[in-house]
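This report concerns only the one structure given below.
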Amino acid sequence: TNGHRDGALWIPAEADFPLRHGWFWHPDGHGRHSPGQLVNLYFRSVGLNCTMDIGIAPDRRGLIDEPDSEALKGFGERIQAIFKTDLAINAKASASNTRGKSRQYAAANVLNGKSHFRTYWATDDKIRDAELILDFGKPVEFSVISLREPIQLGHRIDLWSLDVLKEGQWQEFA
């Protein structure tokens, strides 16, 4: 089935996969995902707006065996390291429109470093094209960007792009 923008329900996609290549524990540990593989699966699931559900099988004692535990720990450490530094925290934010011209929805809300949706930037309902500009004051290099939408307002984002200002011209790069 397909979703509908004005539908009554929001049901997130879910990416289910076992930690091992198979849903059940076996003593040889064959086919366990490495921390690097788990990071890749994270970006191919959570990074594409799905929930990530890792099937973790207990051993014959009813416990998670040490190698599986270490793989999960390594995965968690890598994800924490990737998102440890928020390069945008000291940027200046501006926007082409702000919902009701209210500080409650100001562009600067995207810079508060909080991972929840109590504060966010939002546009007026009639706006279908908007720009959010982050000025870092100097060139910055990054490999991951986190774009999220406050779903309590409903599904509002259909397309996005990232541009960089080079030699006075905006150039799309993603």
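One residue is enough: does segment 29-49 have a residue meeting the conditions over 30 Å from Asn112 (Cβ atoms), loosely packed, with under 11 Cβ neighbours inside 10 Å, more than 21 Å from the chain's Cα centre (by Cα) and modelled with pLDDT under 80? There is at least one residue in segment 29-49 that is over 30 Å from Asn112 (Cβ atoms), loosely packed, with under 11 Cβ neighbours inside 10 Å, more than 21 Å from the chain's Cα centre (by Cα) and modelled with pLDDT under 80. For the condition modelled with pLDDT of 95 or more and under 30 Å from Val39 (Cα atoms), what is the one hit in Ile133, Ile157, Ile89, Ile145? From the options Ile133, Ile157, Ile89, Ile145, the qualifying one is Ile133. State which residue is nearest to Leu147 (Cα to Cα) when the search covers only segment 72-99 and only residues that are without any contact (Cβ under 8 Å) to a residue 40 or more places away in the chain and hydroxyl-bearing (Ser, Thr, Tyr). If we take residues in segment 72-99 being without any contact (Cβ under 8 Å) to a residue 40 or more places away in the chain and hydroxyl-bearing (Ser, Thr, Tyr), then Thr85 is nearest to Leu147 (Cα to Cα). Taking segment 7-38 as the range and being among the small types (Gly, Ala, Ser) and either without any contact (Cβ under 8 Å) to a residue 12 or more places away in the chain or not in a loop (DSSP other than H, G, I, E, B) (or both) as the test, the residues that pass are Gly7, Ala8, Ala13, Ala15, Gly22, Gly31, Gly36. When Trp23 is tested against the conditions (1) within 25 Å of the chain's Cα centre (by Cα); (2) open to solvent by 40 Å² or more (accessible area, probe 1.4 Å); (3) of a type in the set (Phe, Trp, Tyr), the lone failure is (1). Among the numbered conditions (1) without any contact (Cβ under 8 Å) to a residue 12 or more places away in the chain; (2) within 25 Å of Leu19 (Cα to Cα), the only one that Ser102 does not meet is (2). Considering segment 83-171, the qualifying strands (runs of 3 or more DSSP E), each wholly inside and each with 2 or more residues that are open to solvent by less than 50 Å² (accessible area, probe 1.4 Å), run over 92-95. When Ala15, Ala57 are checked against the criterion of being touching a helix residue (DSSP H, G or I) at 6+ places or on another chain (Cβ under 6 Å), of a type in the set (Gly, Ala, Ser) and surrounded by 10 or more Cβ atoms within 10 Å (Cβ to Cβ), a single residue qualifies: Ala15.
Residues that are of a type in the set (Gly, Ala, Ser), assigned to a loop (DSSP other than H, G, I, E, B) and without any contact (Cβ under 8 Å) to a residue 24 or more places away in the chain within segment 39-71 comprise just one, Gly62. Within segment 165-173, is even one residue touching a residue at least 12 places away in the same chain (Cβ under 8 Å) and not β-branched (Val, Ile, Thr)? No, the conditions are met nowhere in segment 165-173.
The values are calculated or read from the model by the stated rules, or taken from the named source; none is laboratory data. The shown structure was predicted, so the numbers you read here are calculated from the model rather than taken from an experiment. Note: ideal-geometry Cβ built from the backbone for every residue, glycine included; neighbour counts use all protein chains shown. For accessibility, only protein heavy atoms count, side chains too; no ligands or nucleic acids. Shrake-Rupley method; radii C 1.70, N 1.55, O 1.52, S 1.80 Å.
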